[in-house]
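The values are calculated or read from the model by the stated rules, or taken from the named source; none is laboratory data. No experiment lies behind these values; they were computed from the predicted model shown. Because the Cβ atoms are built from the backbone with ideal geometry, glycine has one as well, and the counts that use them run over all protein chains shown. Each accessible area value is taken on the protein alone, full model and side chains, heavy atoms only, with ligands, DNA and RNA left out. Shrake-Rupley method; radii C 1.70, N 1.55, O 1.52, S 1.80 Å.
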Amino acid sequence: MKLRELEIHGFGKLCERRLSFDPNFTVVYGANEAGKSTLTRAIVASLFGVGRKEQRETNRPWAGARYATTLRYELDDGRSFEVQRDFENDPKSVCVYDENGRDVSSELAIEKTVCPGQTHLGFPVEVFLNAACITQGAAHIDGARAERISTALARALDGGPREDAALGAMRRLEEALASHVGTKRATINAPLKRLNEEVEAAEKQAAEVRARIRGLDDLRAKLEAEMRRRAELETALAEHDRKARSLRAQSLRSRLDALHEIREDTAALHAQYAEYEDVADFPSGRIAEVEDLFRTWETAEALALSAMQIADDSRMTPALEGELSERMRDGGALSDAAFAALQAAGAEATDARIKATFAASHVQGSRRSIEGGNELFGAWFAAGGIVAVLALLLGIFHQWLPALLSAGLSVAFFFLAWKRWNRRHESLGVIAKMQQAADAATAIERAAAARVAAFLEPLGVPSIEELFRRRERARELTERKATAKRNAERAANARAAAQVAARAFDQRAHQFVPRSGSRAQDLEAVRLRDSRRSARDGIELRLSMLEVRRNDVLADDDEFGLQSELDELLASGVQPSGITGSQRVFEAERAAMQRSGGDSRTAVAALEAELRTAEGQFADLAGLDERVLMLSKRVAALEAFERAVAMARQKIEERTREAHQKFARRLTDYASRTFDDVTSGRYLDVRVDPTTLAVRVRVPETGAIVDVDRLSGGTAEQAYFVVRLAMVRMFAEGLETTPVILDDPFVHWDDQRIGRTLPILKSAARKGQIILLTLSENLASAAAAAGARRIDLGEPARPSRNGSQHAGLRAV
């Protein structure tokens, strides 16, 4: 089979596209999300169908186009077909036409489903996906599909007749077994199962007859035992009646004694109850209120005493009052603003005194410096004049060098004299300024001292510090006086609160007891009356309990009636005995014994009727045994036929396994030669398990044969890749040539592996058809250079004038 053209009306992201494939080698180039995997699924869906509902929904067109495809392909014998699939409403809606336009859909149906891919290729879709369709990162072979893949490979071996014959024989054996014996799951046509059921029913019927014959004696023995049991129950019932009457008499006497005891206890409690008549009107439950009021009064009284003690301790004495008046006269009444002004004047005088002292000391130092500077100025000036005269004399005598040196030295002495004269002049200026500053500070000091004296002299205070101490003492005494006043007010309030609490307690307590002169005694008197009231309530509760007890003993009976019933029982000869138990239990036992007696009489009658019926009904036991023997012979014959069929199936399966081993060897040879080329001679031996299709290779370093999944990911993908190519090659030998679809399987391969694989693809393309989809520009260019038709998968083109649309693919 070679795919010629695929027209996609709508499938996933692809819409209104037409692709033409080279009969040998086609490479489809496209970036990620360009639709390469969608194109692969569209090819598979066109050949085999879309699959389950969720797969159909996954591939629904994104752009809302018609969900359909059209695929044209050619078989090895030259016939051409066109598959038109509509996935929109019914995924099984498919039409297949041959090159003459004839509808051949019915000829390509498998189990009422049109599947041209499986019909023409000779295997189902899972075999195609595990052999001829390799997607990115999924080169491995699904072991769960190994049986179907192996069957397809066996059919391909020698053209498939042997495998078809074996399958036909197996099918005919299954049909014969189902027809004559029946399968395990069959419910309608199951001869062996029905015979076994008939044998089991006949054996069961014969066993029932034998059991009935053996059961006659058992039935007679059971009847005799039941009659003895009925007699024993009647005797026990009579004895139980006697014990019940005796227990009733004992119960009546006990109840009457209890009633007598209750009457005596009630009379004694009424006598005690009369002793508490003095507290009949005392309200119960009021002691807590009285105690709370007493505690409140005690607390208020203690607080009042404490407040009075504090007020006495903080009271102002006459001496302190006199001291406060004196302090208020000699400066205590001075305001804070006046005192602050006085302090500022004092500080100003002190600061002025410090400044005047500093200026005076600076003037004295400057004067001493001027006096010393005058002496140095005269010395430097005299020395300069002497050296200048010397230089003049040396110039007269033409001693120029010494004259120049003397002149320079003279200039130096004059310069030093000038410096000293300038320093003296500056010192004089400083002295004048410092003297002015000292005079100004002295004036400020005198003015500030005069202001301080104006404050202090009327008060008779010698200094500001003494005034400060007197003001602080006045403040302290004033605060103490205010505190004493507050404490006196607090003591008065506490005393008032104590009096209120005392009145509240007296008012409540004197409602219950007369005055005693002491609140503590009043509280005790209230407590005593409350305790007597509680005792009286307790007596009332005990009387109520005795009444309840009397009602429980009497229940709905009358005491005189109970006495009369006891007298009647005693008169009839019944004596109360020491029998344990309750009357209700005895009555329940009597009812149970009566029911058992009735059941026993009913059972005796039923057994007698059953015995009469069984003695007159017996089936033909000999006829039943003969039928069981006949049916057992027929079952044995069918079981022998079943064993013969199983033996034939075993032989056919052995021959099938031999065929599978043969294709496995050929598959291993093909894969080993290709794997040798792909790995540059590193791996020479590839093994394929014919049962599971597990791939194993020999490691050259150790010589061990290991599972291919233990190697690197790239090497494992290479191994699965060459095994799949070997499968396709074997399919082509006995079945239809299978197109190989490679959906970017080399994305994780390095350039060297891809370079070694391209010649193998080119060689395989000469014998079949290769469709390679890739996102690698280099791989697409290399494949095109190797002779492949290149298709660039891009955006769809605009509609042409005649209404058709380009596929968005351009061949290179």
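Given the structure, is residue 742 in a strand (DSSP E or B) and touching a residue at least 24 places away in the same chain (Cβ under 8 Å)? Yes. Hey, any hits in segment 2-11 for a residue that's at pLDDT below 90, more than 19 Å from residue 136 (Cα to Cα) and open to solvent by 60 Å² or more (accessible area, probe 1.4 Å)? No. When restricted to residues that are among the hydroxyl-bearing types (Ser, Thr, Tyr) and open to solvent by 10 Å² or more (accessible area, probe 1.4 Å), segment 23-69 contains 4.
Just so you know, in segment 384-442 the residues that are of a type in the set (D, E, K, R) and over 30 Å from residue 354 (Cβ atoms) include one that is least open to solvent (accessible area, probe 1.4 Å), and it is 420. Of everything listed in (1) surrounded by 15 or more Cβ atoms within 10 Å (Cβ to Cβ); (2) part of a loop (DSSP other than H, G, I, E, B), the single unmet condition for residue 514 is (1).
Taking every residue in segment 490-511 that is more than 17 Å from residue 530 (Cα to Cα) and pairing it with any residue that is of a type in the set (Phe, Trp, Tyr), at least 6 positions away or on another chain, the pairs with Cβ-Cβ distances below 8 Å are 498/297; 501/297; 502/297; 504/297. Taking the listed residues 494, 502, the one that is modelled with pLDDT of 85 or more and under 19 Å from residue 314 (Cβ atoms) is 494, with no other qualifying.
Residue by residue, here is whether (1) among the charged types (D, E, K, R); (2) within 28 Å of residue 487 (Cα to Cα); (3) in the same structural domain as residue 444 (by TED's automatic domain parsing); (4) modelled with pLDDT of 75 or more holds:
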| residue | (1), (2), (3), (4) |
| --- | --- |
| 287 | no, no, no, yes |
| 295 | yes, yes, no, yes |
| 300 | no, yes, no, yes |
| 305 | no, yes, no, yes |
| 313 | yes, yes, no, yes |
| 321 | yes, yes, no, yes |
| 343 | no, no, yes, no |
| 354 | no, no, yes, yes |
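When 239, 226 are screened for being over 60 Å from the mean Cα position of the chain (by Cα) and exposed (fewer than 15 other Cβ atoms within 10 Å of the Cβ), only 239 passes.
Per-residue answers, yes or no, for (1) touching a Leu at 6+ places or on another chain (Cβ under 9 Å); (2) of a type in the set (D, E, K, R); (3) more than 30 Å from residue 461 (Cα to Cα):
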| residue | (1), (2), (3) |
| --- | --- |
| 231 | no, no, yes |
| 245 | yes, yes, yes |
| 259 | yes, no, yes |
| 275 | no, yes, yes |
| 280 | no, no, yes |
| 297 | no, no, yes |
| 300 | no, no, yes |
| 326 | no, yes, no |
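Put simply, of 734, 714, 768 the only residue that is within 46 Å of the chain's Cα centre (by Cα) and in contact (Cβ under 8 Å) with a residue 24 or more places away in the chain is 714. Check segment 711-724 and report whether any residue there is in the same structural domain as residue 37 (by TED's automatic domain parsing) and more than 30 Å from residue 75 (Cβ to Cβ). Taking every residue of segment 711-724 in turn, none turns out to be in the same structural domain as residue 37 (by TED's automatic domain parsing) and more than 30 Å from residue 75 (Cβ to Cβ). The single condition among (1) buried (at least 16 other Cβ atoms within 10 Å of the Cβ); (2) at pLDDT 90 or above; (3) under 27 Å from residue 761 (Cβ atoms) that residue 152 does not satisfy is (2).
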